[in-house]
1. May I have the extent of the alpha carbons of the chain along their three principal axes, as whole Å values ordered from largest to smallest?
2. Using 0.36 nm per residue of separation minus the Cα-Cα distance, give me the extension gain between Thr68 and Gln42 in nm, one decimal.
3. Please turn the phi angles of region 38-53 into ³J(HN,Hα) values with the Karplus equation 6.51 cos²θ - 1.76 cosθ + 1.60 (θ = phi - 60°), one per residue in order, whole Hz, x for glycine and proline.
4. Over region 1-73, what is the relative contact order in percent, taking alpha-carbon pairs closer than 8 angstrom and at least six residues apart?
5. I need the peptides 13-20, 49-56 ranked by packing, meaning the mean over residues of other C-beta atoms within 10 angstrom, with the highest value on top.
6. Carbon and sulfur: what percent of region 11-66's accessible surface (1.4 Å probe)?
7. Cross-link partners among aspartates and glutamates for Lys81, C-alpha distance below 16 Å, same-chain residues fewer than 8 apart left out?
8. Looking at the chain, send over the antiparallel percent of its DSSP beta bridges, to the nearest 5.
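The values are calculated or read from the model by the stated rules, or taken from the named source; none is laboratory data. Model, not experiment: these values are computed from the prediction. Every residue, glycine among them, receives a Cβ derived from its backbone with ideal geometry; neighbour counts consider all protein chains shown. Just so you know, the surface numbers come from the protein's heavy atoms only, side chains and all, with ligands and any DNA or RNA stripped out. Shrake-Rupley method; radii C 1.70, N 1.55, O 1.52, S 1.80 Å.
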Amino acid sequence: TMLNYTLYPNPVSDKLTIEKNKASGIVKVEVINAAGLVNYIQYVNPLLTVLTLPMQQYPSWLYFIRITSNDNIITIKKVLKN
């Protein structure tokens, strides 16, 4: 079962907000560039329902946000950086 997350704004220029829509907690968020390199890893308190990722330091490109939940379900979302 896929967990539901809302990511905004997309395209992003400064900060990316991730909102969790289900009960399962997020434990790790990674920003991966189009070449497959992990640019950023953030470990998260699973009780948080909203978190913010800094994106302003990345070049304009397509990125993948890999969200790992505390029951090891991985969700990948595409985000365009302006």
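1. Its Cα atoms span 33, 22, 20 Å along the three principal axes.
2. Details: separation 26, 0.36 × 26 = 9.36 nm, distance 1.05 nm.
Contour length minus the Cα-Cα distance gives 8.3 nm.
3. Taking θ as phi minus 60°, the curve returns 7, 8, 7, 10, 10, 8, 10, 5, x, 7, 5, 9, 9, 9, 10, 10 Hz for region 38-53.
4. 36 percent
5. Details: 13-20: 15.8, 49-56: 14.0.
Final packing ranking: 13-20, 49-56.
6. Solvent-exposed carbon and sulfur of region 11-66 make up 59 percent of the total.
7. In chain and number order, the partners are Asp14, Glu30.
8. Working: 29 of 30 bridges.
That works out to approximately 95 percent antiparallel.
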